Amino acid sequence: RMTRSFMLEQLSQEYITTARVKGLSETTVIWRHALRNVMVPLITVIALSYASLLEGSVLTEMIFAWPGIGSYITNALFSADMAAVLGGTVVVGAVFIGINLLSDILYKIVDPRAK
């Protein structure tokens, strides 16, 4: 849904019209011109989506009784095992940092103007 809205916004830009007037095929216009500019905001949206999925895992794991890091941290809280809570929090924080780092790296690969 986000990709479609970003792409529709880009396809109405003047540089896309210019590429079409030059005689480029529609697939070339989409893949070389529009998609390159769509990737920048899309990477950010995808990274934030994965981060929010990780946040919601605690609630989902507790409701459906699935084993995972969320239920591990919650069970450690109920049993007052602060070392396990701290360890689980560090793991979740490291995953958040990893997702953000990966999105920054992809952002710089896709858009070399970003510094």
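Odds and ends about this structure:
- Residues in the stretch 4-17 that are surrounded by 15 or more Cβ atoms within 10 Å (Cβ to Cβ) and more than 25 Å from the chain's Cα centre (by Cα): I16 only.
- Restricting R36, R20 to those that are among the charged types (D, E, K, R), at pLDDT below 85 and surrounded by fewer than 17 Cβ atoms within 10 Å (Cβ to Cβ) reduces the list to R36.
- Of the listed requirements (1) at pLDDT 90 or above; (2) assigned to a helix (DSSP H, G or I); (3) more than 26 Å from R4 (Cβ to Cβ); (4) not acidic (D, E), A80 misses just one: (2).
- None of I97, I43, I73, I63 is touching a residue at least 60 places away in the same chain (Cβ under 8 Å) and either within 30 Å of T3 (Cβ to Cβ) or more than 11 Å from the chain's Cα centre (by Cα) (or both) except I43.
- Search result, residues across the stretch 23-33 that are within 18 Å of D111 (Cα to Cα) and surrounded by 13 or more Cβ atoms within 10 Å (Cβ to Cβ): V29, I30, H33
The values are calculated or read from the model by the stated rules, or taken from the named source; none is laboratory data. Worth saying up front: this structure is predicted, and the values here are computed from it rather than measured. Cβ coordinates were reconstructed from backbone atoms using ideal geometry, including for glycine residues, and neighbour counts include every protein chain displayed.
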